[in-house]
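Participant: There's a structure below that I have some questions on.
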Amino acid sequence: MGALNSVSILFETGYNYYMRYRTQYKDEDIAKYEHLAEYKDIFHYHNLILGILPKLNFNNDISFGIGAGVFLPLYSAVKHKGKNNIWGEEITTGLGKYVGINEFDFKKVSYMYKVPIMPYIKLNFEKNFYMSELWAFKIGANLVYNFGMEFDMDKLKSDTNIYGYDKYKFSSLVFEVFFGFGFGRPK
């Protein structure tokens, strides 16, 4: 890398769609009763991104940053899929005691999870290709770790015996590639 040219602090906001897919039962239960593998929960989250990304800008038009922030789930949809053993029909219902409710606003998401936000950390690498003194084509990559959210199992298990999990938490590691244009920062 070249010599350090400047330091930037970026505030980021935007939209994030996150989907995860999980079997409803533990692996040892599925090993005993194979039909349980057909029961799956699919979670869709529509999130507002709020974050900060400090970056080191080098004189060879390369930038490196480490940032953090939160995904704030504004809306969520949950589908439970499986087969009805009596009729063999596909069933799609809600989650736990929310059977029949497939869509959740922020208020319901706040009730279902211990902490209703998904914190993340991000590594950012970016290369600028200047077309003029102030305009640049950008290509880059992000490595993002989403810490996820943990269901409040006491609330989900009340009035139901569906869930075999004592803890229900998720996280993810994502690699992103991006292209874009930048302006305003002189070459």
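The values are calculated or read from the model by the stated rules, or taken from the named source; none is laboratory data. Being a predicted model, the structure only gives us computed values, none of them experimental. Note that each Cβ is placed from the backbone with ideal geometry, even for glycine, and that neighbours are counted across all protein chains shown.
Participant: Looking at segment 42-57 only, could you name the residues that are loosely packed, with under 15 Cβ neighbours inside 10 Å and in contact (Cβ under 8 Å) with a residue 40 or more places away in the chain?
Facilitator: Across segment 42-57, the qualifying residues are Ile52, Pro54.
A quick yes/no check of all residues on (1) closer than 30 Å to Phe137 by Cβ; (2) modelled with pLDDT of 85 or more:
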position	(1), (2)
Tyr45	no, yes
Pro54	yes, yes
Asn57	yes, yes
Ile91	no, no
Gly100	no, no
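Participant: Taking only pairs six or more apart or across chains, which ones have beta-carbon atoms under 7 Å, a first residue in segment 145-156 that is aromatic (Phe, Trp, Tyr), and a second residue that is surrounded by 15 or more Cβ atoms within 10 Å (Cβ to Cβ)?
Facilitator: Tyr145/Tyr120; Phe147/Met118; Phe147/Pro119; Phe147/Tyr120; Phe151/Met112; Phe151/Tyr113; Phe151/Tyr168
Participant: Select from segment 78-89 the residues that are out of contact with any helix residue (DSSP H, G or I) (no Cβ under 7 Å at 6 or more places or on another chain) and surrounded by 15 or more Cβ atoms within 10 Å (Cβ to Cβ) and write down the one among them that is modelled with the lowest pLDDT.
Facilitator: Across segment 78-89, the extreme among qualifying residues is Lys81.
Participant: For segment 129-150: of the residues being among the charged types (D, E, K, R) and within 20 Å of Ser8 (Cα to Cα), which is modelled with the highest pLDDT? So that I can check it myself, show each step before the final result.
Facilitator: So in segment 129-150, the residues among the charged types (D, E, K, R) come out as 133, 138, 150.
From what is left, the residues that are within 20 Å of Ser8 (Cα to Cα) are 133, 138.
Numbers: Glu133: 87, Lys138: 95.
Only one residue tops the list, namely Lys138.
Conditions tested, residue by residue: (1) part of a loop (DSSP other than H, G, I, E, B); (2) modelled with pLDDT of 90 or more; (3) surrounded by 15 or more Cβ atoms within 10 Å (Cβ to Cβ); (4) not aromatic (Phe, Trp, Tyr).
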{"position": "Phe104", "(1), (2), (3), (4)": "no, no, yes, no"}
{"position": "Tyr111", "(1), (2), (3), (4)": "no, no, no, no"}
{"position": "Tyr120", "(1), (2), (3), (4)": "no, yes, yes, no"}
{"position": "Asn124", "(1), (2), (3), (4)": "no, yes, yes, yes"}
{"position": "Lys127", "(1), (2), (3), (4)": "no, yes, no, yes"}
